[in-house]
Amino acid sequence: MIVDDQTLIREGLNMMLGLYDDVKVVEEVSNGLEAIEKLDTIDVDVILMDIRMPIMDGVEATKIIKDKYPHIKIMILTTFNEDEYIFQGLKNGADGYILKSVSSEELVSGIKTIHKGNVLLQPEVVNKVVGIIEKNNCENLNSKKKLEDLSPREREIAMLVEKGKTNKEISEELYITEGTVKNHITRILDKLELRDRTQLAIYIKEI
C-alpha cells in the first residue's frame, strides 16, 4: 500500500513498482486514516508511509497500524528536514526509513528487506536519529543499561540483529533454534528497555 497525500507521488511510485514482477501495489491512499480504514478490507504485507499528510500523518498512523496489525511492515518515506518525525516514527514501531531521493532499485530492495523481517535504516537516517537521541536524552532509546549487562550469547545476537539478520539467519549462523533466538531477543529488549528490533539496531549503532 502506498500512503501519500500527493497524487503525483502515489502515481509515480505505483508506476515504478509496477516494473517489478515480485512487487504488487494493492492500494493507494492519501492519508493515514484512509490507510487504516482500507486495512479492514484488504491484505497488505508492506506499507510505504509518507510522514506529513492531512487528517492523519504517517507517525500517528504507524502507531495505530502497528498496534492493530503488528505483522504489517511499514517503511517510512522521509526527507532530511523531518528529523523529529523520523524519531517519533521509530518510537511507534516503523520497520524501515528510506529517503525519497533513492533509486527504484534501492526502494524495491528496501521493501524486500523489511518484508523478510529485517530492519532497514539508511546510514543518513541513523545519523539523524542518533543525533536526536543525544539532543533529547530520550529514555526509550538512550537506556542507562549497557551492552555489558547482556550475556555473551545475548551480545552476539544483538550484534547480528544490528546487521539486519532475521531470526532464521541468526539461528543458522549460531546453530540454535529460531525459538531460542526469539527468546534471547525478548530478554535483550527487556534488559535494555527497548521496544523492538529497530530500536535495538539503533541502540547498538549508537554505542
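The values are calculated or read from the model by the stated rules, or taken from the named source; none is laboratory data. Here the structure is a predicted model, which means the values were calculated and not measured. Ideal geometry is used to build each Cβ from the backbone, glycine not excepted, and the neighbour counts take in all protein chains shown.
In a strand (DSSP E or B) and in contact (Cβ under 8 Å) with a residue 24 or more places away in the chain, is that true of ILE36? Break it down stepwise before answering.
Numbers: in a strand (DSSP E or B): no; in contact (Cβ under 8 Å) with a residue 24 or more places away in the chain: yes.
For ILE36, the condition - in a strand (DSSP E or B) and in contact (Cβ under 8 Å) with a residue 24 or more places away in the chain - is not met.
Restricting the stretch 156-188 to residues that are out of contact with any helix residue (DSSP H, G or I) (no Cβ under 6 Å at 6 or more places or on another chain) and acidic (Asp, Glu), the residue that is farthest from LYS116 (Cα to Cα) is GLU156. Per the conditions (1) more than 18 Å from the chain's Cα centre (by Cα); (2) touching a residue at least 60 places away in the same chain (Cβ under 8 Å), the sole criterion not satisfied by ASP190 is (2).
Residues of the stretch 12-31 that are without any contact (Cβ under 8 Å) to a residue 12 or more places away in the chain and surrounded by 13 or more Cβ atoms within 10 Å (Cβ to Cβ): GLY12 alone. Pick out the one residue from ASP4, ASP95 that is touching a residue at least 60 places away in the same chain (Cβ under 8 Å), surrounded by 13 or more Cβ atoms within 10 Å (Cβ to Cβ) and in contact with a strand residue (DSSP E or B) (Cβ under 7 Å, 6 or more places away or on another chain). It is ASP95.
Identify the residue in the stretch 129-155 that is in contact with a helix residue (DSSP H, G or I) (Cβ under 7 Å, 6 or more places away or on another chain), in a helix (DSSP H, G or I) and modelled with pLDDT of 85 or more and, among all such residues, is surrounded by the most Cβ atoms within 10 Å (Cβ to Cβ). Break it down stepwise before answering.
We begin by selecting, within the stretch 129-155, every residue in contact with a helix residue (DSSP H, G or I) (Cβ under 7 Å, 6 or more places away or on another chain); these are 129-130, 132-133, 140-143, 145, 147, 149-150, 153-155.
When the remaining residues are screened for being in a helix (DSSP H, G or I), the result is 129-130, 132-133, 147, 149, 153-155.
From what's left, modelled with pLDDT of 85 or more: 153-155.
Details: ARG153: 14, GLU154: 17, ARG155: 15.
For the stretch 129-155, the residue satisfying everything is GLU154.
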